[in-house]
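The next block holds one structure in the form of structure tokens; read it before the comments.
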């Protein structure tokens, strides 16, 4: 079975631009979460979506938004990019039950210049 | 406020010996803890988890110990193998099985032959 797939793998954008990152969960997983990992730190929670509804949001500005589609894939959108948005963006999927760990994709490396 | 802390940025262990990675947390509401391993250019991979109702969980070479009174958990790897060289992240959740994980900063483990 394919794991969590993310696209693109790398992206370079300019300050002020907008970016869309995409994620396909593992087959059968209905929950998708997004994390931001800045160099030298652990991943930080951005969003969780389940059944197309936002189920959790981390401490990120409104420039960050996401959505989930009927096939459970997801998009993360970031508007008005800042230099500080440069990071590895990780998507994770899981079953929604109490003992289901997150399974991460390999991430999208975003560089804002 | 760093709710999950891994105070050792790096650890070097000889092949065949025991590796012990440590993690401290401050939020007493955390009730589910996980360890992830991350290789370069890959997403974090789930290793092992433990619920707050237990104090030990074992899976092959990996054992996680939880000391709730000290708000401390540790991951033991015995015996250590060269393939174990990676960055290890401790993560915690305040609602068992919830998708919103709080990660530590990571510990880079190097296994020397």
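Okay, here's what the table says:
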{"quantity": "Among beta bridges that DSSP assigns inside the protein assembly as shown, antiparallel share in %, nearest 5", "calculated": "90"}
{"quantity": "Distance (nanometres) between label positions extended 7 Å along Cα→Cβ at residue B:110 and residue B:28", "calculated": "4.1"}
{"quantity": "Percentage relative contact order, chain B, counting C-alpha pairs under 8 Å, at least six apart", "calculated": "37"}
{"quantity": "Peptide-level mean, for A:43-52, of C-beta atoms on other protein chains within 10 Å", "calculated": "3"}
{"quantity": "Relative contact order of the stretch A:1-110, defined on C-alpha pairs under 8 angstrom at six or more residues apart (%)", "calculated": "36"}
{"quantity": "Residues A:81, B:21, A:39 arranged by fewest to most Cβ contacts within 10 Å", "calculated": "A:39, A:81, B:21"}
{"quantity": "DSSP-defined beta bridges in chain A - what % are antiparallel, rounded to 5", "calculated": "90"}
{"quantity": "Full-extension gain in nm, residue B:52 to residue B:8, via 0.36 nm per residue minus C-alpha separation", "calculated": "13.5 nm"}
{"quantity": "Relative contact order %, the stretch B:1-67, counting alpha carbon pairs below 8 Å whose residues are six or more apart", "calculated": "21"}
{"quantity": "Label-to-label distance, nm, for residues given as residue B:67 and residue A:67 (7 Å Cα→Cβ offset)", "calculated": "5.0"}
{"quantity": "The stretch B:45-59 and the stretch A:21-52: distance between their alpha carbon centers, rounded to Å", "calculated": "22"}
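Bear in mind that the values in this text are calculations on the coordinates, not laboratory data. It should be emphasised that the depicted structure is a prediction, and the values quoted were computed from it without experimental measurement. In this analysis, Cβ positions are derived from the backbone assuming ideal geometry, glycine residues included, and neighbour counts consider all displayed protein chains.
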